[in-house]
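Notes follow once the structure below has been shown.
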Amino acid sequence: MPRMLTIITVIVLAASLGLFLLSQQKEPFNVEGGEDQLAQTQPQSVVEWRKLIDSRFAGDQACAECHQSEFDAHQRSGHSRTATPADHSELARALDGQNYTDPNRDTVYQFERKPNGLLVGIEGTDPEPVFPVQWLIGSGTHAQTPVSIDPTSRNGVEFRWSWFASTQELGLTPDHERFDTFRPASLECFGRPMDAQQVLACVNCHMTAVPPPTVVPTQEAFLPNVGCERCHGPRKDHVELAKQGRASEAKPLLEWSHAETYLRQCAQCHRDETNAPTDSTPASLARFQPYGILKSKCYLNSGKKLSCANCHDPHDVTSRDPEHYVQACNACHAGPKQVACSLNPDGDCVDCHMPTVEWHPGISFHDHWIRLDRTDPKDDARAVLDAVHKSSPEASP
Ligand code: HEC
Ligand code: HEC
Ligand code: HEC
Ligand code: HEC
Ligand code: HEC
Ligand code: HEC
Ligand code: HEC
């Protein structure tokens, strides 16, 4: 009986996947413009959209010539590798011809690398369902989770298996236990189905530019990774003016001079109280650094002088040297008029005041809410988030 179900699943999937693959080769659709203002101003095809992108964005490599140190640092940082096309990835090469047995389901996934990309199928099914794997999200510092987007519906799927750095192998994607029981003959066989809104949120935090709804989301419609121009804005004009010695005419697009503005910029993706998921727990909130810093006395009682820049170079990989952070803390905690540690002013501050919190087996985050009383009743994530969402109903859930 399970086998029967699988076969039905496969036939239905094969039909919809045929469409999935076919629609990637179809001419981009054309929406009738005219009366609709938006339709006139928004590009209608991948080609038009790509032209627009290429006319505004110079790409990371173009900055290297004049900003070598930022460029080199950014290459080291996970920001430069947050979204990789799966087809030519190292992971695709490693998975070719391999299997992955789902730990919680009676399913074995099979991988195959074809000239048109990485495909995943389910063992024991006939005909073989072949599902294209388009994007690997995450640099792999902690993990990489694959995602595919259907160009026609713009819906997508977050696959059930991810690659984990801690074990150097595939495992269940975080939070996928809720799909241990799944609807047969549905996308759930492969992972978590996402509507167009969820797909957009996902890629928007891991990419520099994503296509508007009028454009078919094929791979070339995206500018992957958190590139220079995700933070600094499209800078093609800056590059062109700089080459004529007129760099200062292309004004900075983003304002970083105030700590709060700074923190809120990073919070678009790293999240604060306005966009942390409402089902967050205290442990999962430790993942959201701006959320923590904005609640710390170090920020609130310093005249809001603390930003990510006190401890991190936004271009570079995270320093793992405790001494680096001791120095950052002591800029405010070792002076004559400053409050020093009454317990261990010569110790590793981070160890005690920014402890790691496990978010998922093998993945931990340093809690950026610097505080003494970690049992404070105000440390109730639900209450905090409920209050925020009540006061600004337009905030995202
Ligand atoms: C467009 C979304 C986005 C924005 C804006 C953003 N980040 Fe990130 N950041 C990410 C993602 C995604 C990662 C995970 C990268 C990976 O896959 O390893 C990350 C990783 C990092 C890391 C770890 C880098 C490493 O490799 O060790 C630091 C530090 C960081 N971000 C700091 C910042 C700071 C500071 C800002 C604001 C100036 C900022 N980020 C703005 C998305 C963003
Ligand atoms: C609100 C912005 C946001 C959304 C939405 C989001 N991410 Fe992320 N993601 C981040 C940031 C910031 C990081 C780096 C810090 C962290 O791990 O929390 C990250 C880290 C990751 C990592 C680990 C990278 C590494 O090796 O350190 C993976 C994998 C990942 N995201 C996958 C996804 C997938 C898949 C989706 C959508 C289905 C998604 N994310 C949605 C912002 C986001
Ligand atoms: C995650 C966001 C982010 C990314 C990605 C990013 N920057 Fe920056 N950049 C900043 C911030 C924030 C500042 C303000 C100064 C600081 O905090 O170090 C800055 C400052 C700069 C400055 C001025 C430095 C100075 O000392 O005045 C240059 C030049 C620069 N960035 C170039 C780049 C280039 C080139 C890239 C890509 C290779 C890049 N940035 C990628 C956030 C980013
Ligand atoms: C031909 C050399 C050149 C290239 C290429 C170039 N820059 Fe610059 N950039 C400069 C100079 C010179 C300045 C200093 C301008 C000033 O003094 O105000 C500058 C300043 C900056 C600053 C600080 C002020 C601001 O405008 O925000 C940032 C950020 C920056 N560049 C980002 C970039 C990025 C991102 C790229 C690649 C897309 C890039 N630059 C490419 C020459 C260049
Ligand atoms: C920009 C300055 C600044 C930096 C940098 C800074 N702090 Fe603070 N910190 C403060 C101020 C101001 C207070 C509030 C002191 C007071 O009024 O009692 C504070 C308070 C604290 C407290 C007491 C919190 C509580 O709940 O009572 C601890 C613990 C602390 N800081 C640790 C650190 C550590 C560890 C670092 C480095 C990782 C750090 N701070 C970096 C300014 C800073
Ligand atoms: C007071 C110092 C301090 C400030 C301010 C700070 N961080 Fe951190 N951050 C740390 C420390 C310490 C670590 C852990 C380093 C390690 O693993 O050794 C860290 C780690 C990280 C990591 C890697 C994930 C992790 O938890 O291991 C990211 C991403 C990050 N910070 C982003 C940010 C962002 C974004 C901001 C601004 C909202 C910020 N940090 C502000 C001290 C700071
Ligand atoms: C072994 C753990 C440990 C280390 C290491 C440590 N602290 Fe503390 N710190 C504590 C504890 C516990 C308290 C609360 C002491 C009390 O209530 O008597 C404290 C108190 C503080 C306070 C509040 C001072 C007060 O009495 O109100 C500050 C600020 C602080 N630490 C900063 C730091 C800094 C900066 C460093 C690194 C140079 C550091 N701590 C290293 C455990 C530590």
With a 26 Å threshold on alpha-carbon distance, the violating pairs from Lys51/Lys251; Lys305/Lys337; Lys251/Lys305; Lys243/Lys305; Lys51/Lys243; Lys243/Lys304 are Lys243/Lys305; Lys243/Lys304
Relative contact order computed over the stretch 259-391 (Cα-Cα under 8 Å; 6+ residues apart), in percent: 33 percent
If N is the number of residues in the stretch 157-291, what value comes out of its Cα radius of gyration divided by 2.2 N^0.38 Å? 1.36
Gap separating the Cα centres of the stretch 234-300 and the stretch 56-98, nearest whole Å: 21 Å
Can you list the residues, at least 5 places off or on another chain, whose amide H is less than 5 Å from the amide H of Trp161, using H built in the peptide plane? Thr173
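A short reminder: the numbers here are calculations on the coordinates, not readings from a lab. Being a predicted model, the structure only gives us computed values, none of them experimental.
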